[in-house]
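A quick write-up on the structure given underneath.
The values are calculated or read from the model by the stated rules, or taken from the named source; none is laboratory data. Just so you know, these numbers come straight off a predicted model, no measurement behind them. Note: ideal-geometry Cβ built from the backbone for every residue, glycine included; neighbour counts use all protein chains shown. Protein only, heavy atoms only, side chains kept; ligands, DNA and RNA dropped before computing areas. Shrake-Rupley method; radii C 1.70, N 1.55, O 1.52, S 1.80 Å.
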Amino acid sequence: MKYFITSCLFLIAYLVISTSCGTSNKLQQHFNREQISMNSQFNEIKTGADNYATYLPLLKDKKIGIVTNQTGILTNKTHLVDFLLEQKINIAKIFAPEHGFRGTADAGEHVVDGKDSKTGLPIISLYGNNKKPSTDQLAGIDVLVFDLQDVGARFYTYISSLHYIMEACAENKIPLLILDRPNPNGSIVDGPVLEKEFTSFVGMHPIPLQHGMTIGEYAQMINGEKWLKNGIQCELTVIPCMNYKRDKPYNLLVKPSPNLPNDQAINLYASLCLFEGTNVSVGRGTEMQFQIYGSPYLPKNDFNFTPIPNFGSKDPMHKDQICYGEDLTKIDKVKQLELKWLIKAYQTTADQTKFFTEFFTKLAGTKKLQQQIESGISETEIRKSWETGLNNFKAMRKKYLIYN
């Protein structure tokens, strides 16, 4: 078959990374971290989905459910669902996270169940009221496959969907197979650690705002730290990426969501997303989402934009109003969580009492950050207040890392 002519790439077929709840795991195999790079013949990064010689045997003669969206593709741009059907894998259902299976829904928009027009497969939405698959929805499924492209930010909800998927699999004794993907911000571990009382769908675990892990590594942490309900654990197998290193640049194959159109937006996302808890626009309703910021309440200057409804937002903040702010489309890639734009906007807004919204605390995962900014504490001092939490997280994180 055409997909196996490059099988020489997949000499790591036995290096499946797996964790389980301590009982025997039929999918479990051991791995050697260094061999992930040594046994690959080329330097091009390959995703877990590309590592099909490893996972296809695990799916043969099984009834499969898939958690995926438009990002679940192989390097040749073939969608995982189409590829598996060509390989005669029995797919029963598709489970879709925020933005839907084709990735066209707005952030926060209600996504309904349906049917994929191309394959006819049923689609179950995992956003809105149904964030966790029910026992009925999982009935008859032998293995659940998870393939989503994350961007390394705590409030990017694909890792929240991961939590609920793992919990459902654990409760229903269904093995979970994760096809790992690189974190394009994998070298950044930064920001305040979420405090338990501020847990929400945009922050479910006590991790910093940028965690620097892949989906596979993060799943191992969820299991290992017993963050699922009642401390249950999921029978988990991670199919690793090849040739991936945390500081190695990685350009995503497709945009992971409607308002992250390019690498610059993905790099700035964590820093600018904090504006979503203020009266400042991050460019929704333009074609420069998460690469610009501005509002009608900031000082007039040479840069401005006017949000209008578009593919990424049907009702953008400050629709049809001129917003003044800053263009970040050409700046160098950031290597940390940047607060300077948030602080500058707060200090120069027309009315500071109307700057923050209640959503800011959920995004920050703590009340302290807003209090620090309102008190005029410097960015240096704010960053210093994160150090203990970050050091504790990094020590815990080491146990679950797959890649250098």
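Okay, residues lined up against (1) modelled with pLDDT of 95 or more; (2) closer than 27 Å to Ser271 by Cβ; (3) not β-branched (Val, Ile, Thr):
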{"position": "Gly186", "(1), (2), (3)": "yes, yes, yes"}
{"position": "Val189", "(1), (2), (3)": "yes, yes, no"}
{"position": "Glu197", "(1), (2), (3)": "yes, yes, yes"}
{"position": "Met213", "(1), (2), (3)": "yes, yes, yes"}
{"position": "Glu217", "(1), (2), (3)": "yes, yes, yes"}
{"position": "Cys234", "(1), (2), (3)": "yes, no, yes"}
{"position": "Pro240", "(1), (2), (3)": "yes, no, yes"}
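Listed here are the residues, each with its yes/no results for (1) of a type in the set (D, E, K, R); (2) part of a helix (DSSP H, G or I); (3) closer than 25 Å to Arg154 by Cα; (4) open to solvent by 60 Å² or more (accessible area, probe 1.4 Å).
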{"residue": "Gly283", "(1), (2), (3), (4)": "no, no, yes, no"}
{"residue": "Met288", "(1), (2), (3), (4)": "no, no, yes, yes"}
{"residue": "Tyr297", "(1), (2), (3), (4)": "no, no, no, yes"}
{"residue": "Asp302", "(1), (2), (3), (4)": "yes, no, no, yes"}
{"residue": "Gly325", "(1), (2), (3), (4)": "no, no, no, no"}
{"residue": "Asp332", "(1), (2), (3), (4)": "yes, no, yes, yes"}
{"residue": "Phe360", "(1), (2), (3), (4)": "no, yes, yes, no"}
{"residue": "Leu369", "(1), (2), (3), (4)": "no, yes, yes, no"}
{"residue": "Ala395", "(1), (2), (3), (4)": "no, yes, yes, yes"}
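For the criterion of being of a type outside the set (Phe, Trp, Tyr), under 26 Å from Lys333 (Cβ atoms), open to solvent by 10 Å² or more (accessible area, probe 1.4 Å) and out of contact with any His (no Cβ under 6 Å at 6 or more places or on another chain), Pro184 passes. In summary, Tyr156 fulfils each of the numbered conditions (1) in contact with a helix residue (DSSP H, G or I) (Cβ under 6 Å, 6 or more places away or on another chain); (2) assigned to a loop (DSSP other than H, G, I, E, B); (3) modelled with pLDDT of 95 or more with the single exception of condition (1). Among the conditions (1) over 18 Å from the mean Cα position of the chain (by Cα); (2) among the polar types (S, T, N, Q); (3) in a loop (DSSP other than H, G, I, E, B), Asn259 misses just one, which is (1).
Where in region 1-95 are there helices (runs of 4 or more DSSP H), lying fully within it, with 2 or more residues that are modelled with pLDDT of 50 or more and closer than 19 Å to Asn243 by Cα?
On the way: elements: 35-38, 52-59, 80-86.
Output list reads 52-59.
Residue pairs whose Cβ atoms lie under 9 Å apart, separated by 6 or more positions or on different chains, with the first residue in region 134-146 and aliphatic (A, V, I, L, M) and the second assigned to a strand (DSSP E or B) and open to solvent by 50 Å² or more (accessible area, probe 1.4 Å), are Ile141/Lys63; Val143/Lys63.
In region 346-358, what count of residues is obtained for those that are surrounded by 16 or more Cβ atoms within 10 Å (Cβ to Cβ) and under 27 Å from the mean Cα position of the chain (by Cα)?
Summing the residues that are surrounded by 16 or more Cβ atoms within 10 Å (Cβ to Cβ) and under 27 Å from the mean Cα position of the chain (by Cα) in region 346-358 gives 1.
Residues in region 307-330 that are in contact (Cβ under 8 Å) with a residue 40 or more places away in the chain, within 27 Å of the chain's Cα centre (by Cα) and under 25 Å from Asp263 (Cβ atoms): Phe311, Gly312, Ser313, Leu328, Thr329.
Out of all the residues in region 296-306, is one or more more than 30 Å from Cys169 (Cα to Cα) and either without any contact (Cβ under 8 Å) to a residue 12 or more places away in the chain or touching a Pro at 6+ places or on another chain (Cβ under 7 Å) (or both)?
yes
Only a single item in (1) of a type in the set (Gly, Ala, Ser); (2) surrounded by 18 or more Cβ atoms within 10 Å (Cβ to Cβ); (3) without any contact (Cβ under 8 Å) to a residue 60 or more places away in the chain is not met by Gly389, and it is number (3).
None of Leu121, Leu126, Leu138 is in contact with a Ser or Thr (Cβ under 9 Å, 6 or more places away or on another chain) and either of a type outside the set (Gly, Ala, Ser) or surrounded by fewer than 12 Cβ atoms within 10 Å (Cβ to Cβ) (or both) except Leu126.
When you look at Phe146, is it part of a strand (DSSP E or B) and closer than 28 Å to Lys255 by Cβ, yes or no? Spelling it out, Phe146 is indeed part of a strand (DSSP E or B) and closer than 28 Å to Lys255 by Cβ.
Screening Ile373 on (1) open to solvent by 20 Å² or more (accessible area, probe 1.4 Å); (2) in contact with a strand residue (DSSP E or B) (Cβ under 9 Å, 6 or more places away or on another chain); (3) not in a loop (DSSP other than H, G, I, E, B) shows it passes everything except condition (1).
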